[in-house]
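Some notes on the structure that comes next.
Derivation of every value follows stated rules applied to the coordinates shown; laboratory data play no part. Quantities reported herein were computed from a predicted structural model and do not represent experimental measurements. All Cβ positions, glycine included, derive from the backbone under ideal geometry; neighbour counts span all protein chains shown.
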Amino acid sequence: MDRRAVSILLLLLAGCTGKLVSIGATATSAPPSFSSVRTVLDMEVGPSVHPGSFRAAGKLTDGSGAPVAGATVRVTLTPVGGAGTAPTFDLGTRGTDENGSFQVTFHLPQKGTFLVKARFAGDSRHAAASDQGPITGT
């Protein structure tokens with residue numbers, strides 16, 4: 001094969017593999033991926049304004065303190081102490097508003113102390129973050 005035919009063949013192969021190839025040079029890899037921006041999730045738990053219920057409210061921000069809007073935060077409730085394996089109750093997911101804030105109101109399934117955990121799993125631009133806090137119901 002002559003040099004021109006080899007060049008055309010290499011161009012066709014480059015289109016199939018996603019790598020650039022030239023005669024006399026080694027293949028180059030794809031550009032490095034970008035790392036996620038650090039995020040911080042701060043949450044407070046306590047009684048709500050509704051008698052007998054509690055609330056978990058928090059805010060998701062990026063590393064500079066700017067709010068992360070439109071993110072999904074999952075909130076769970078796990079009994080603390082007791083015998084055996086404690087079940088985890090899913091309190092649901094909430095989307096953060098334009099201020100990066102979310103809130104969930106809930107009732108405890110039984111008396112005792114529970115650990116409330118909020119978790120943002122991360123996305124294509126932001127790293128995962130979580131926070132937790134205890135709550136006791138009598």
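Overview of values
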| read-out | value |
| --- | --- |
| Theoretical FRET efficiency, 1/(1+(r/R0)^6), r = Cβ-Cβ of THR113 and SER53, R0 22 Å, to 0.05 | 0.85 |
| Amide N of the stretch 103-138 lying under 19 Å from the label point, which is placed 7 angstrom from the Cα of ARG38 along Cα→Cβ | 120-132 |
